[in-house]
1. If r is the Cβ-Cβ distance from Cys10 to Met52 and R0 is 25 Å, what FRET efficiency results, to the nearest 0.05?
2. Could you check the simple spin-label distance between Leu28 and His88, using points 7 Å along Cα→Cβ, in nm with one decimal?
3. Given a Förster distance of 22 Å, report the FRET efficiency between Arg38 and Phe61 from their Cβ-Cβ distance, rounded to the nearest 0.05.
4. What is the spin-label model distance, in nm, from Leu70 to Ile3 if the labels are put 7 Å beyond Cα along the C-beta direction?
Amino acid sequence: QRILRLAEMCRRLETEEEKVLPFYPSSLAEEELQDARRALEETPEEPLAQAMQDYVGLERFWQRFNKAKLEEKVLEHTQVALANRNQHLRELLQQYLAKGTVNRKVLKD
């Protein structure tokens, strides 16, 4: 019940794009998708597989969770890249300013 309440709260915070296209397109070929659908429709024989059938309803939740984790990782990598770029630009600015003060001292003498 808690997960369902959280899912409802998250649904309100989704953007229009996430509501229309909530997941990335599948990388499976059409034949692989059909095989996966057939496997899901079959009645499982093993006890573990039968227990997993009880949690099929959470598949959407795990898809959303995994998508959010992937986006979080992308943002982390982007942040590191931007921090590196920012540091490089600061170094260039310091070099530029240092040359400017040297040139002013030469001009004054």
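1. Plugging the Cβ-Cβ distance into 1/(1 + (r/R0)^6) gives 0.60.
2. Reported label-point gap for Leu28 and His88 is 4.1 nm.
3. Values: r = 24 Å, r/R0 = 1.07.
Efficiency for this residue pair is about 0.40.
4. 2.0
Each value in this text was obtained by applying a stated rule to the coordinates, not by laboratory testing. The shown structure was predicted, so the numbers you read here are calculated from the model rather than taken from an experiment. FYI the Cβ positions are ideal-geometry reconstructions off the backbone, even for glycines, and counts take in every protein chain you see.
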